[in-house]
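Laboratory data are not the source of any read-out in this text; all were calculated from the coordinates shown. Keep in mind the model is a prediction, meaning the values are calculated, not measured. Backbone-built Cβ (ideal geometry, glycine too); neighbour counts: all protein chains shown.
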């Protein structure tokens with residue numbers, strides 16, 4: 001090919017390549033902006049496609065791997081003696097290392113920790129370069145021990161069954177007792193007991209948590225009572241360490257029309273505790289907090 005022919009070929013190719021840009025230069029401003037937007041979108045789409053292909057390889061690089069045993073979690077409260085992180089790693093079968101670039105990491109860890117009986121909520125999973133993983137947890141709090149044949153079973157304020165092995169006999173002794181329950185738990189630890197008596201007693205024990213010891217209370221007794229207005233309904237009694245009985249009344253939120261509200265019952269209970277002789281010396285006709 002002669003030198004003149006090569007020159008003409010180069011000019012032709014240059015014209016072809018420059019044509020779109022020349023057209024863009026001749027276009028109106030709205031068309032120019034639209035063309036630039038389309039070009040930018042194409043670049044972004046291409047970049048994402050490339051990243052999707054190379055991400056698994058990049059994620060497996062040593063600088064993005066974190067030892068699972070080094071994963072940070074919210075510090076458990078004093079009443080939990082179990083090693084939450086170690087138990088979750090074991091039960092979920094998590095690998096020895098996790099990548100902070102794993103797009104499924106957050107959902108995987110959320111599911112693993114949510115299955116632990118002490119975990120009420122997985123509030124979030126955070127990762128940071130190069131190898132930091134942190135899981136924010138909300139833990140369940142025990143409020144009472146349900147008296148069952150052969151021992152005591154711990155529950156939280158929602159009536160969720162908690163692990164018994166985390167309580168020494170001395171610790172279990174300090175919690176409010178729940179009596180009058182005949183139903184056994186419907187599921188394993190970490191799930192609701194499944195009985196309205198347990199749930200009603202748990203909510204009352206939680207309400208009275210700060211006053212329980214000062215008032216000298218020992219257990220919540222759940223019983224059924226027949227009424228002319230609504231037939232059979234649950235009634236809660238408070239039993240003191242000395243054996244005295246206070247009638248609390250309806251389950252929380254189910255008070256009858258002639259029954260005072262929980263706040264008024266709390267006020268009256270505190271007055272009884274502050275009086276000379278306390279609850280134990282109250283006359284029988286004063287031991288009904290409903291009226």
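Could you list log10 I(q)/I(0) for the stretch 215-283 at q = 0.14, 0.16, 0.27, 0.28 Å⁻¹, which the Debye formula gives when each Cα is one point scatterer?
-0.46, -0.59, -1.25, -1.29
Gain in length, residue 214 to residue 86, computed as 0.36 nm per residue apart minus the alpha-carbon separation, to one decimal in nm?
Contour length minus the Cα-Cα distance gives 42.3 nm.
Which value, in nm² and rounded to one decimal, describes the direction-averaged projected area of the C-alpha convex hull of the stretch 142-286?
9.2 nm²
Below 8 Å between Cα atoms, with a sequence gap of 6+, how large is the relative contact order for the stretch 63-139 in percent?
Normalised by residue count, the contact order of the stretch 63-139 is 39 percent.
In nm, what is the difference between 0.36 nm times the number of residues separating residue 103 and residue 186 and their Cα-Cα distance?
26.3 nm
Which FRET efficiency value, to the nearest 0.05, do you get for residue 126 and residue 173 by plugging their Cβ-Cβ distance into 1/(1 + (r/R0)^6) with R0 = 30 Å?
After rounding, the FRET efficiency stands at 0.15.
For the pair residue 69 and residue 96, how long in nm is the line joining their label points, each one 7 Å along Cα→Cβ?
In this crude spin-label approximation the distance works out to 0.9 nm.
Full extension from residue 257 to residue 241: what is 0.36 nm times the residue separation minus their Cα-Cα distance, to one decimal in nm?
Additional length available on full extension: 2.7 nm.
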